[in-house]
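Heads up: the structure comes next, in structure tokens.
The values are calculated or read from the model by the stated rules, or taken from the named source; none is laboratory data. None of these values were measured; they are calculated from a predicted model. Ideal geometry is used to build each Cβ from the backbone, glycine not excepted, and the neighbour counts take in all protein chains shown. Note: areas computed on protein heavy atoms with side chains; ligands, DNA, RNA excluded. Shrake-Rupley method; radii C 1.70, N 1.55, O 1.52, S 1.80 Å.
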Amino acid sequence: VSLGNISNAVKVTSNENDTNKSNNNASIPNITAIPIVDLKIKKEVNFTGDVINVTDSIKFTITVYNDGPCNATNVNVTEVLSPHLKLTKSNATIGEYNATGRYWYIGELKNKSNAVLTIEALVISEGTISNVVIVNCTEKDTNTSNNKDEIDNITAVIVFDLQIKKYANVSRNIDVTDKIKFNITVYNAGPCNATDVYVIEPFADNLRLISNTTSQGDYDGYTWYVGNLNVGANATLTIEASIAYAGIIVNNVNVTGRGIDYDLSNNRD
């Protein structure tokens, strides 16, 4: 029922004369009573699904319970946030979360009590978000199978809204041998930076490329590779062409990037 050394000695006596009293005493070797506990840990996330957008927020709840029968001391939880997350807020009912050291030190956790830590984080980059928590203490834990918990992997994806507009410097009939100029502007409305942005700009058969100028990237006469386009930024391509022969001039442009574009209605002009 308590900690410490257990010792026990017995002695036998009688009214009669005992011819050998050397064997009337007996004792057991000292036994040390040590504390035992059963710490349990559970981790939950406020997100249902397996895909989350970069710039979204996520919340974790970690609960540690001591099923006893003794108090646990020096209770410590290893909690390493994914590199795709940035801590924005944490709150613990007992102890404090150290984001730099990547642990939650609870200290003493009494028998049949629990401690709760909530962590809020921002998704800052794409990739697989995984998270494992492990609890330990000074005392002997009689069941270490419940000292570890983890969330199901979540995939963080880049999301943005690329928009494209195309203008020509003429809005009427044009003569063969005349020149025409196109201005194409790509804009990233966010919320994430876009990478590997490129524009398909195929020429009409009756146009001949004279020159082109880009604010960034390169145009090869069919594809304009913009590259990276940050939130709120734009890139421009100016094309000058001549009319090779009579006919209807049709010119469509389409922009794409690596990630999820949540509004495809403005990707073409």
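Tell me which residues come under 5 Å, amide H to amide H, from I106 once H is placed; ignore anything under 5 positions away on its chain.
Hits under the 5 Å cutoff: V75, N76, V77.
What nm value, rounded to one decimal, do you get for the distance between V132 and T48 when each label is placed 7 Å out toward the C-beta?
Distance between label points: 2.8 nm.
Along the stretch 21-29, what does the Karplus equation 6.51 cos²θ - 1.76 cosθ + 1.60 (θ = phi - 60°) give for ³J(HN,Hα), rounded to whole Hz, x for Gly and Pro?
Each residue of the stretch 21-29 in turn: 7, 5, 10, 8, 10, 8, 8, 9, x Hz.
Among I124, I184, I243, which one moves the most in a GNM of the chain with springs linking Cα atoms closer than 10 Å?
I243
Of Y97, Y198, Y245, which is the most mobile in a GNM of the chain whose springs link Cα atoms less than 10 angstrom apart?
Comparing Y97, Y198, Y245 in the GNM, the peak value goes to Y245.
Which lysines, if any, have their Cα less than 22 Å from the Cα of K140, not counting same-chain residues under 8 positions apart?
Within the straight-line cut-off, K140 pairs with K40, K42, K110, K112, K148.
Which ³J(HN,Hα) values in Hz, rounded to whole numbers, follow from the phi angles of the stretch 181-192 under the Karplus curve 6.51 cos²θ - 1.76 cosθ + 1.60, where θ = phi - 60° and Gly and Pro get x?
With the stated coefficients, the stretch 181-192 comes to 10, 10, 10, 10, 10, 10, 10, 10, 7, x, x, 10 Hz.
With contacts defined as alpha carbon pairs under 8 Å and 6 or more residues apart, what's the relative contact order of the chain in percent?
Contact order relative to length: 17 percent.
Please list, ordered by chain and number, the residues whose modelled amide H lies under 5 Å from the amide H of V199; skip anything fewer than 5 residues away on the same chain.
Those lying under 5 Å, H to H, from V199 are W224, Y225, V226.
Explain nothing, just the number: relative contact order of the stretch 25-149, from Cα pairs under 8 Å at least 6 residues apart, as a whole percent.
36 percent
Quick one: what are the phi-derived ³J(HN,Hα) couplings along the stretch 47-58, Karplus 6.51/-1.76/1.60 with θ = phi - 60°, whole Hz, x for glycine and proline?
After applying 6.51 cos²θ - 1.76 cosθ + 1.60, I find 10, 10, x, 10, 10, 10, 8, 4, 5, 6, 9, 9 Hz.
On average, how much accessible surface per residue is there in the chain, in Å², for a 1.4 Å probe, leaving out ligands, DNA and RNA?
57 Å²
Out of all DSSP beta bridges in the chain, what portion is antiparallel? Express it as a percent rounded to 5.
Just about 90 percent of them are antiparallel.
Roughly how big is the stretch 161-237's charge dipole about its Cα centre, with Cβ charges of +1 (Lys, Arg) and -1 (Asp, Glu), in debye to the nearest 20?
Once rounded to the nearest 20, the dipole reads 280 debye.
Going by amide H atoms built from the backbone, whose H comes under 5 Å of the H on A233, apart from near neighbours?
Answer set, sorted by chain and number: N188.
Tell me the label-point distance for the pair L209, R258, using the 7 Å Cα-to-Cβ offset, in nm and rounded to one decimal.
It is 2.4 nm.
Convex hull volume of the Cα atoms in the stretch 104-240, per residue, in Å³?
164 Å³
Which loop trypsin sites (Lys or Arg not before Pro) in the stretch 148-185, with loop taken from DSSP, have no more than 14 other Cβ atoms within 10 angstrom of their Cβ?
Of the trypsin sites (Lys or Arg not before Pro), the ones in loops of the stretch 148-185 whose Cβ has at most 14 other Cβ atoms within 10 Å are R172.
In what order, largest first, do E150, E79 sit by accessible area if the probe radius is 1.4 Å?
E150, E79
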